[in-house]
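The values are calculated or read from the model by the stated rules, or taken from the named source; none is laboratory data. Given the structure is predicted, the values throughout are model-derived calculations rather than measurements. We place every Cβ from the backbone using ideal geometry, glycine too, and count neighbours over all the protein chains shown.
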Amino acid sequence: MKTGKLALVIAFVSVLINPSAARAQAKHTKGSATHSDAAAMLKQNMRKLWTDHVVWTRDYIIAATESQPDAPAALNRLMKNQEDIGNAVAKYYGDAAGRQLTTLLKDHIAIAGDIVKAAMAGDKAGQKAADDRSHQNATQIADFLSKANPNWPRATLVELMNTHLATTTTELVARLNKDWAGDVKAFDAVYDHILHMSDALSDGIVKQFPDKFGNAVVSTTGR
């Protein structure tokens, strides 16, 4: 009898002898799949939220630097994205934490708007001041997140946020200089990094809440 057929017969006999064990194994397998699916769904949702973040930031940068009438609408949508991210975090850390993160992220966007305005006006001092505030805000976000989850080291989060700021600034400068090839390259870097950052956040949640995700591990596939 071939090996495959023999294994099938053994499995069938095992079910006949101990059907309760078979049911338990099936239940365990189903539970593992559910946990794995939950982790994958979290990763997908987190990527969607942060992709929206950089896509609508780009849309706003384009509209604002070209003085287009859709700039306010793009900014409103971008602010809504910060609420969406806060609400996603609230599912794990509570409504108060979600609101706090939303406030910090809206500050992040408001300061970015100040950077755009200063850059367009050629106000280097104003741009530098806004950029300094942007990095202070990034540190506040890193502090908040690292206190919420021990799997998000503060130093790592500071680096992730600062890289997000740097890549976005490069994108803005390229557009102001009408360096279209550089603009495209810059957004590739923005998008690639935000996926890396998003995966780091979802990985941390999975590790912190094993009861919700079992032993599932979502690998980081960013840069």
Filter region 8-66 for residues that are at pLDDT below 90 and in contact with a helix residue (DSSP H, G or I) (Cβ under 6 Å, 6 or more places away or on another chain); the one that is farthest from Asp107 (Cα to Cα) is Val15
Scanning region 168-188 for residues that are hydrophobic (A, V, I, L, M, F, W, C), in contact with a Ser or Thr (Cβ under 8 Å, 6 or more places away or on another chain) and either touching a residue at least 60 places away in the same chain (Cβ under 8 Å) or not in a helix (DSSP H, G or I) (or both) gives Leu172, Leu176
The condition of being part of a helix (DSSP H, G or I), among the charged types (D, E, K, R) and touching a helix residue (DSSP H, G or I) at 6+ places or on another chain (Cβ under 9 Å) holds, among Asp132, Asp114, only for Asp114
Here the residues within region 90-121 that are under 24 Å from Phe209 (Cα atoms), of a type outside the set (D, E, K, R) and without any contact (Cβ under 8 Å) to a residue 24 or more places away in the chain are Ala90, Gly94, Ala96, Gly98, Thr102
Here the residues within region 142-166 that are touching a Ser or Thr at 6+ places or on another chain (Cβ under 8 Å) and part of a loop (DSSP other than H, G, I, E, B) are Trp152, Pro153
Note on region 101-112: residues more than 17 Å from the chain's Cα centre (by Cα) and either of a type in the set (Asp, Glu) or buried (at least 19 other Cβ atoms within 10 Å of the Cβ) (or both) are Asp107, Ile111, Ala112
